[in-house]
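Here is the structure we will look at.
The values are calculated or read from the model by the stated rules, or taken from the named source; none is laboratory data. In this text, all values refer to a predicted model and were calculated from it rather than measured experimentally. Here the Cβ positions follow ideal geometry from the backbone for every residue, glycine too, while neighbour counts run over all protein chains shown. Note: accessible area is taken over every heavy atom of the protein model, side chains too, but ligands, DNA and RNA are not part of it. Shrake-Rupley method; radii C 1.70, N 1.55, O 1.52, S 1.80 Å.
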Amino acid sequence: MNTSRLEPETAVQPHGAAARRGALRAGERVQLTDEKGRMNTITLTPGGAFHTHKGFLSHDQLIGASEGTIVTNTTGAQYQALRPLLSDFVLSMPRGAAVVYPKDAGQIVTMADIFPGARVVEAGVGSGALSISLLRAVGDQGYLHSFERREEFADIAKGNVETIFGGEHPAWQITLGDFQEQVIETEAPGSIDRVVLDMLAPWECLDAVATVLAPGGVWINYVATVTQLSRTAEAIRADGRFTEPDAWESMVRGWHLEGLAVRPDHRMVAHTGFLLTTRRLAHGVTGISTKRRPSKTGFSEEDLNAWTPQAVGEREVSDKRLRRVARDASSTIQRGALPPEEAEARRKSQGITD
């Protein structure tokens, strides 16, 4: 058996991987942590400086330095410098809509079994937080088709995705419009492995999901309220083309660690949303109904008319703010900023020569 391997510098690396390694570069985001544990994220600029009330730190001290280095500002204050993790980036990136928290994105990737090379569709994109996790999971050889109704949100998502990957991702495309209409026009029946929906009324997409999802494929929904969760589950049961749905939520509680003072943190990331999964059955097969059903499964007219962003507690976002956030997200894109070794490897893999 041939056990030879390509050396890291000659192998074609996954998209954006090289930008996560090596010395810190101009144009990169760097997370500075001071002696009290306070964090600030900056974008390295030649000749730039990070100012606080305790002096300033020159960006040139960090450009070319190793990740994990400790630097001192003009008044002697120390900072450790590291590239932000995905969880740090998601919580600090420009946003126009609420992001899917890292704890939920991790659950979605695992519980929906998002594998390398998978063909995935998602709706709505929001600020692109979940899209980033899905792209990392499917890899360069996978496929992620995202659908978003609002152009402003799509622009913000593009900016954030291109920032963290250092440019456009080869597995990603985004389409403006309603999911249930566009997905049937753009995807062949039974061609999709996984469907991920983050929207107000996922039950409206039953036919579209059943059409494009392959038998055995996973459909996962992210909803905010109990009433949305209930209605989605009952619609799936009544449809008959899917397995019995499963639902859960996750809560994360950090711990305070200081000497013998080891205790739970006073604050925690509690409810953010519910996750509900089901799987597509074979064509022509009707799902097995549960032996025990609740006494009341119907929804009143008032229930049916209650699905607006304001009704479920979402804040209205002004068009002016969305345009500003989109500019902020786009301004951080470092186009053509791939490290030389990654750029050369990609050129060779594509048969491009000078």
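If a spin label sat at a point 7 angstrom from the Cα of Phe56 along the line to its beta carbon, the backbone N atoms of the range 62-98 nearer than 19 Å would be those of 62-63, 71-79. Against the criterion of solvent-accessible heavy-atom surface with a 1.4 angstrom probe, Trp248, Trp219 sort, most first, into Trp248, Trp219. Subtracting the Cα-Cα distance of Leu82 and Ser289 from their residue separation scaled by 0.36 nm leaves 69.3 nm. Taking each residue as 0.36 nm, the span from Asp113 to Arg267 lengthens on full extension beyond its C-alpha to C-alpha distance by 52.4 nm. On the basis of the beta-carbon distance and an R0 of 25 Å, Met39 and Arg149 show a calculated FRET efficiency of 0.15.
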